[in-house]
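Shown next, in structure tokens, is the structure this report addresses.
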Amino acid sequence: MKKLASLLFAGIFLFGASFSLVAQNLSGSIFNKTTQEPIPFAEITLGKNYGVISNAEGRFSINTGRATATDSLKFYSLGFVAKKIAITDFKDKDSIYLVEKVDELDDVYLIERSKIIPEEVMEKVLENAANNYASAEAKMAVFERYSGTYELKAMEMNIKKADFLSKQQAKRFNGIVDSIATASKGKTSEQYSESFYYLYKDKETNFKVQLQKATKLANEKKSKESGKILEKTLNSITASLDSNKTFKVKSGLFKLQDSLNLKDAIDLSTNDSILNEDKARRFEFQQNRETFFTITGFDFIENYNRYKFILKDVSGYKGEMVYVLGFEPDRGNAKYQGTLYVSAENYAVIKMDYALLEGEKAAGMNMKFLLGLKYKRDQAKGVLIFQKNEAGKYLPKYIKKSARDYVYLDRNILFKENKDGWFTSKQKLKFNFLLENLNYSNSEFLFIDTESINQQDFEAVKPDKGVKIEKIKAYNPQIWKAYNIIAPSKEIEEFEY
């Protein structure tokens with residue numbers, strides 16, 4: 001039934017050897033020494049391309065299984081002086097204070113600041129994008145966290161035809177749905193899912209994924225997620241049907257299943273796995289639509305002439321001079337505002353913060369009258385941080401995307417029994433289902449470790465099927481003890497059923 005529910009929504013969406021002198025995991029918090037405020041998205045490294053990012057609260061956790069006694073942790077954040085601490089001197093859960101950079105740039109750069117024209121910087125950003133961002137094959141260790149909050153706005157179901165149900169049964173089913181809607185309407189539910197996997201990409205941005213671990217923290221019985229509500233409703237209808245029969249399933253003009261066995265469909269609702277193939281397809285979709293491994297997919301980069309840019313600051317990061325450019329709409333269809341951090345050396349955007357303006361729409365479709373579908377994303381913001389690899393190319397280090405999506409589904413769904421013979425009577429179940437939801441989401445990706453591979457290496461990767469999701473009722477830091485992750489937020493740590 002989970003498979004069927006997802007089909008109905010398809011039109012809307014698409015390391016560690018131990019080291020006796022050092023703890024396997026070290027955690028802490030990073031603060032601005034002057035203001036005492038936490039520093040979000042600061043980089044904590046152990047080696048060149050191995051490390052983590054502090055979360056929105058400035059907290060971090062890093063696995064030190066590969067460390068030696070002579071290694072050090074390094075702390076970086078734009079606008080702050082980098083800090084280095086020997087790993088043997090670092091105390092778990094320690095607080096790190098970074099000092100703001102003040103006039104540390106060369107006098108020549110300070111003089112040249114007055115000559116910097118933001119529009120010329122953006123022109124060079126776009127010109128150099130193809131050369132700055134890595135297109136070669138790579139293997140990346142990725143930690144992903146998804147946080148979702150779901151609010152049910154409306155839900156209705158009406159059985160129009162049921163050859164195998166009495167009027168009393170049909171009335172009872174409608175009552176079940178009404179009770180689900182009454183109990184859920186206006187209420188919210190949260191869920192958190194985390195996964196660790198190896199992501200392989202080739203030059204053409206094809207992907208393969210090898211999942212290592214996945215967890216889910218949610219109260220599924222109380223979930224207001226659209227797919228879960230639809231799944232519960234379909235299960236309430238089909239549970240009493242003859243499980244030996246198979247049905248064709250149609251919704252509007254679309255055939256969803258040729259031969260749906262109801263017993264198997266209900267069994268599918270307990271399928272708690274993530275498939276490698278599905279995860280890889282998702283990356284391909286996101287790369288083509290939202291841009292992960294370059295910057296040219298963003299409107300404020302490709303169409304920078306629609307925006308007004310100002311030079312907010314000139315700073316430094318890892319030995320590079322960085323232009324800090326603020327932007328806001330100026331004309332045309334521009335609808336974002338934010339800040340870009342641009343390397344003065346090669347005009348690569350090494351960090352960006354962006355947000356959709358209030359009243360604008362990032363994406364959407366309205367086929368309410370034709371197909372009973374409507375989708376709108378009216379809130380969207382993000383943070384992207386890139387790091388330079390050994391070849392001088394940039395790859396993602398951290399990505400965070402937040403959004404609010406409005407989802408409306410009003411569909412007629414028909415179950416028609418499969419029977420041989422043209423004139424044979426076939427049982428039917430036809431009902432109308434209406435659902436209106438608000439979904440708030442946060443997706444985070446931490447690219448912990450990156451190494452170069454070749455096309456032969458990529459072709460040799462043969463992912464298995466996937467992994468079983470480990471469902472948990474409360475956050476347990478021991479689950480991810482052997483991994484590098486994004487430190488959990490207070491909401492995750494305090495989540496309870």
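Brief remarks on what is shown
- Any strands (runs of 3 or more DSSP E) falling wholly within the stretch 284-362 and containing at least 2 residues that are over 30 Å from residue 99 (Cα atoms): 307-317
- Top-ranked residue in the stretch 23-34 [being of a type outside the set (A, V, I, L, M) and not in a strand (DSSP E or B); ranked as surrounded by the fewest Cβ atoms within 10 Å (Cβ to Cβ)]: 34
- Residues in the stretch 37-51 that are under 14 Å from residue 27 (Cα atoms) and among the polar types (S, T, N, Q): 45 only.
- When 72, 54 are checked against the criterion of being open to solvent by less than 30 Å² (accessible area, probe 1.4 Å), over 16 Å from residue 99 (Cα atoms) and under 21 Å from the mean Cα position of the chain (by Cα), a single residue qualifies: 54.
- Residue satisfying condition, being open to solvent by 30 Å² or more (accessible area, probe 1.4 Å) and of a type in the set (Phe, Trp, Tyr), within set 150, 146: 146
- For the criterion of being at pLDDT below 85, part of a strand (DSSP E or B) and among the charged types (D, E, K, R), residue 255 passes.
- Residue identified as more than 30 Å from residue 154 (Cα to Cα) and of a type in the set (A, V, I, L, M) among 472, 448, 492: 448
- Residues that are of a type outside the set (Asp, Glu) and more than 18 Å from residue 206 (Cα to Cα), drawn from the stretch 446-464: 446, 448
- Scan the stretch 57-69 for residues that are over 22 Å from residue 476 (Cα atoms) and buried (at least 19 other Cβ atoms within 10 Å of the Cβ) and the total you get is 1.
- Here residue 182 does not fit the description of being open to solvent by 30 Å² or more (accessible area, probe 1.4 Å), over 18 Å from the mean Cα position of the chain (by Cα) and within 30 Å of residue 292 (Cβ to Cβ).
- Residue match in the stretch 281-295 (condition: open to solvent by 50 Å² or more (accessible area, probe 1.4 Å), at pLDDT 90 or above and farther than 30 Å from residue 74 by Cβ): no
- Checked against the criterion of being surrounded by 17 or more Cβ atoms within 10 Å (Cβ to Cβ), within 30 Å of residue 382 (Cα to Cα) and of a type in the set (S, T, N, Q), the stretch 425-434 has no qualifying residue.
The values are calculated or read from the model by the stated rules, or taken from the named source; none is laboratory data. The shown structure was predicted, so the numbers you read here are calculated from the model rather than taken from an experiment. Every residue, glycine as well, gets a Cβ built from its backbone with ideal geometry; the counts of neighbours run over all protein chains shown. We work out accessible area using only protein heavy atoms, side chains counted, and drop any ligands, DNA or RNA first. Shrake-Rupley method; radii C 1.70, N 1.55, O 1.52, S 1.80 Å.
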